[in-house]
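The next block holds one structure in the form of structure tokens; read it before the comments.
The values are calculated or read from the model by the stated rules, or taken from the named source; none is laboratory data. Treat the numbers as computed from the prediction; the structure is a model and nothing was measured. Here the Cβ is made from the backbone with ideal geometry for all residues, glycine too, and neighbour counts use every protein chain on show.
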Amino acid sequence: MSTNKIAISTQGLVKRFGEEVLAVNNIDLSIPTNTIYALLGPNGAGKTTTVSMLTTMIEPTSGSAKVSGLDIVLQADKVRQRIGVTFQEIVLDPDLTGRETLDFHARLYSIGKAERLAKIDKLLKLVELDEAANRRTNTYSGGMKRRLELARGLITNPEVLFLDEPTQGLDLQNRANIWEYIRTLKTNTNLTLLLTTHYMEEAEALADRVGIMDHGEIMVEGSPRELIDQMGADNIRIIGQGNPDLFCEAAQTLPFVESVNKSDGIIQIGVDSGNRRLVEIIGTANTSGFEIEDISVSKPSLGDVFLKYTGRQLRDK
């Protein structure tokens, strides 16, 4: 499966709503085929607006973008023929069965009867809804509805699949099941997936590459491993009272310190070996007039990267 071809590209993409709201601010993306790319950010970061532009639902204010080599404005109809979309909010007709839902969607794309029926059976089995296929969707659980929407997004054999918060509101078991389906798609097809999420563990588990987004901008981009490695081998997390700036300046001079970040009253210090360095970190705090109230050592996560670049917790509204 080649990754030479670029499935999604944007140049200086901007979206404004009126004069006051800058929802997406000059983002550049280049996503190869057969890649899972996660836009990670809090609610209101601009993720859904970005997906709405890339799926031709709204036009950008400025800049340009291509999906499968097609301009999202000038060739919008052709773009729609090559993509699948699952929306943040579940959108299903409660009076239709699961099978009827897929059949109706396939008819909209003029898929012939024999091909349509074969695809529906295959997809219902893929998402483990074959036994519930003839039940109305209003009897489905949240996880079943999400899986049906995933099948609906795949029925047209899209080249690019957009998943907007695909596991929002699901319990851990259902989220894990959806993750497994997404991994299977990546492994067995040449499909490119762009998903938005505010669950850090979802992006870390699924994505080949991650873009951390806030205030309409891509703050940092890379593989989950690359971004986590920037934080150091261990992460010392400190809360306290005093002069944090003086403490941070002093900590940065220590030879074993790889990074120092301060946001929302939390100081994070990346070091080569956390437990061995606690005594020196505490001593530096004392000599800097900073009283430590809480200190802990952990392996860094994508959540720590997020806090470094955005200065707020992942699930802030």
Quiz item: So which of THR167, THR97, THR137, THR156 is more than 16 Å from SER52 (Cα to Cα), under 20 Å from the mean Cα position of the chain (by Cα) and in the same structural domain as THR33 (by TED's automatic domain parsing)?
Solution: THR167
Quiz item: For ARG225, are the conditions met, namely being of a type in the set (D, E, K, R) and over 21 Å from the mean Cα position of the chain (by Cα)?
Solution: no
Exercise. Kindly list the number of the only condition in (1) surrounded by 19 or more Cβ atoms within 10 Å (Cβ to Cβ); (2) farther than 26 Å from THR197 by Cα; (3) in contact (Cβ under 8 Å) with a residue 24 or more places away in the chain that fails for ASP304.
Key: (2)
Quiz prompt | Pair list, Cβ under 9 Å, 6 or more apart: the stretch 79-97 residue without any contact (Cβ under 8 Å) to a residue 12 or more places away in the chain, other residue in a loop (DSSP other than H, G, I, E, B) | solution = GLU89/GLU165; GLU89/GLN168
Quiz item: Which condition number in (1) outside any strand (DSSP E or B); (2) in contact (Cβ under 8 Å) with a residue 40 or more places away in the chain; (3) in contact with a Lys or Arg (Cβ under 8 Å, 6 or more places away or on another chain) is the one that CYS248 fails?
Solution: (2)
Practice problem: Please determine, by comparing only the residues of the stretch 220-243 that are under 15 Å from GLU291 (Cβ atoms) and out of contact with any Gly (no Cβ under 8 Å at 6 or more places or on another chain), which one is surrounded by the most Cβ atoms within 10 Å (Cβ to Cβ). | Solution: ILE238
Quiz item: If you scan the stretch 261-289, which residues turn out to be more than 17 Å from GLU249 (Cβ to Cβ), part of a helix (DSSP H, G or I) and in contact with a Gly (Cβ under 9 Å, 6 or more places away or on another chain)?
Solution: GLY274
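The rows are residues; the columns are (1) under 11 Å from LEU148 (Cβ atoms); (2) of a type in the set (D, E, K, R); (3) modelled with pLDDT under 95; (4) in contact with an Asp or Glu (Cβ under 6 Å, 6 or more places away or on another chain).
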site	(1), (2), (3), (4)
GLN88	no, no, yes, yes
LEU92	yes, no, yes, no
ARG99	yes, yes, no, no
ALA106	no, no, yes, no
ILE111	no, no, yes, no
LEU124	yes, no, yes, yes
ALA132	yes, no, no, no
Quiz prompt | Those residues of the stretch 134-168 which are without any contact (Cβ under 8 Å) to a residue 12 or more places away in the chain and in contact with an Asp or Glu (Cβ under 7 Å, 6 or more places away or on another chain), in sequence order | solution = none
Quiz item: Which residue out of LEU13, LEU70, LEU22 is on the phi < 0 side of the Ramachandran plot and touching a Pro at 6+ places or on another chain (Cβ under 9 Å)?
Solution: LEU13
Practice problem: Please list, ordered by first then second residue, the pairs with beta carbon atoms under 7 Å, 6 or more apart or interchain, first in the stretch 172-196 and at pLDDT below 85, second among the acidic types (Asp, Glu) and exposed (fewer than 12 other Cβ atoms within 10 Å of the Cβ). | Solution: none
Practice problem: Pick out, from the stretch 180-230, the strands (runs of 3 or more DSSP E) lying fully within it that include 2 or more residues that are in contact with a Phe, Trp or Tyr (Cβ under 9 Å, 6 or more places away or on another chain) and of a type in the set (S, T, N, Q). | Solution: 192-197
Exercise. Filter the stretch 251-276 for residues that are surrounded by 19 or more Cβ atoms within 10 Å (Cβ to Cβ) and either without any contact (Cβ under 8 Å) to a residue 12 or more places away in the chain or over 31 Å from the mean Cα position of the chain (by Cα) (or both) and give the result.
Key: ALA251
Quiz item: Name the residues in the stretch 40-91 that are under 21 Å from HIS198 (Cα atoms) and acidic (Asp, Glu), would you?
Solution: GLU89
Exercise. Report yes if ALA151 is closer than 23 Å to ASP93 by Cα and surrounded by 21 or more Cβ atoms within 10 Å (Cβ to Cβ), otherwise no.
Key: yes
